[in-house]
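Everything below concerns the one structure shown next.
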Amino acid sequence: MAQYEGYMPYAYGSDSVEAVNEIFRKVYQYMAIGLILTAVTAYITASSTTAIRMLFTSQAPLIIIALAEVGLVIFLGAALNKLSAAAALMLFAAYSILNGITCSVILLVYTRASVYQAFFSTAGMFGAMSVYGLYTKRDLTSMGSFLRMGVWGLLIAMLINIFIGSSMLELTVSVLGIIIFLGLTAYDTAKIKEMASTAEWSDGSITGKIAVIGALSLYLDFINIFLYMLRLFGKHRD
C-alpha cells in the first residue's frame, strides 16, 4: 500500500480550460499505460514457473522489490524538479513494472473471475470519484489531510493484525481502505486540477511533470482500491 504525497511548487500562468484538459488527458493516458504495464508484468510473472520459484521460495526477492518501489516513489518526489518530464515518466514506468511483479501473487491466489470483478468494480468507483474531484466546487484540502491520517491508521491496523490475525479487523481495514482511497481519488484529482490551472502551461516540461505525478497519484489510488476490493470480495483458488 502506498500513496504519493508530493507536489509541484508552481503557481504561475494561465488558467486555460484547454490547457487543464490537455494535462488531464495525459494524466489518464499515463495512468492507463502504468496499469497496462502492471497487468502485463503480473501475468508474465505468474505464468513463469522460473519467476515464481525465484520470487516465492524465499521472502528476500519480494522485500527487495518492495523496497525498490518505495525508493522510486520517494526519489521521484524528492528529485522531481531536477528531472525532465521524460525521465519522470520512465521512473513511473519502472515503478509500474516492479509493482506488476509484486502483484503477480494476486493471480496465483485469487480466481480469474474475482480479479476481473474487482478490477471493473474498482474502475467504476474510481471513475465516479475522479469525475467528482474534477468538477466539484468544494475545497477538498482539509479532507486530504484527514485521509492521509487514515492511510497511516490503515498501516498501523494491518501491522497489528499480522500478530493477532483477527478476521473482523481485516474486514474493517478492507472496508475503510476502499473508502479512504476513494476519497483520495477525489482529492488527488482536485489537486491535479489546481496544479494544472495555475501552472505555466506553455512550459512543456512543467506540464509534463504534472501529468506524470498526477498519473502516479491516481495509479496508486486505483491499485489500493483494487487490492482492498480483492481482500474483501475475492475468492481464493482451490
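The table that follows gives values for the structure above.
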item	result
Centroid-to-centroid separation of the stretch 104-143 and the stretch 38-59 [C-alpha atoms, Å]	25
Among A128, A211, A79 - extreme Cα towards positive end, dipole of the stretch 17-233, charges at beta-carbon	A128
Point-charge dipole on Cβ atoms (K/R +1, D/E -1) for the stretch 122-207, about Cα centre, debye to 20	200
Cβ-Cβ FRET estimate between E18 and M158, R0 fixed at 35 Å, reported to 0.05	0.25
Burial order of peptide ranges 97-103, 179-185 (average beta-carbon count within 10 Å, highest first)	179-185, 97-103
Burial order of peptide ranges 206-215, 63-72, 28-37 (average beta-carbon count within 10 Å, highest first)	206-215, 28-37, 63-72
Top positive-direction residue, dipole computed over the chain with Cβ charges, set L176, A93, S197	L176
Angle in degrees between helix 85-109 and the longest Cα principal axis of the chain, rounded to the nearest 10	20
The stretch 112-206, relative contact order in percent, only Cα pairs under 8 angstrom and at least six apart counted	43
Estimated dipole of the chain in Debye, rounded to 20 [Cβ of Lys and Arg +1, of Asp and Glu -1, Cα centre]	480
Exposure proxy ranking, count of Cβ atoms within 10 Å, fewest first, for K137, K191, K235, K82	K137, K82, K235, K191
Estimated FRET transfer efficiency (L171, M90; beta-carbon r; R0 45 Å; 0.05)	0.70
The chain pair-distance distribution - Cα-Cα, 10 Å bins, rounded %	7, 30, 37, 19, 6, 0
Percent RCO, i.e. relative contact order, over the chain, from Cα pairs under 8 Å lying at least 6 residues apart	39
Spin-label proximity, T111 to the stretch 216-235 - amide N less than 20 Å from point 7 Å beyond Cα toward beta carbon	226-235
Pairs from K191/K235; K82/K191; K26/K235 whose Cα-Cα separation, in the structure shown, is over 25 Å	K191/K235; K26/K235
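Each value in this text was obtained by applying a stated rule to the coordinates, not by laboratory testing. Bear in mind the structure is a predicted one, so any value in this text is a computation, not a measurement. Glycine also receives a Cβ, built like all others from the backbone with ideal geometry; neighbour counts cover every protein chain displayed.
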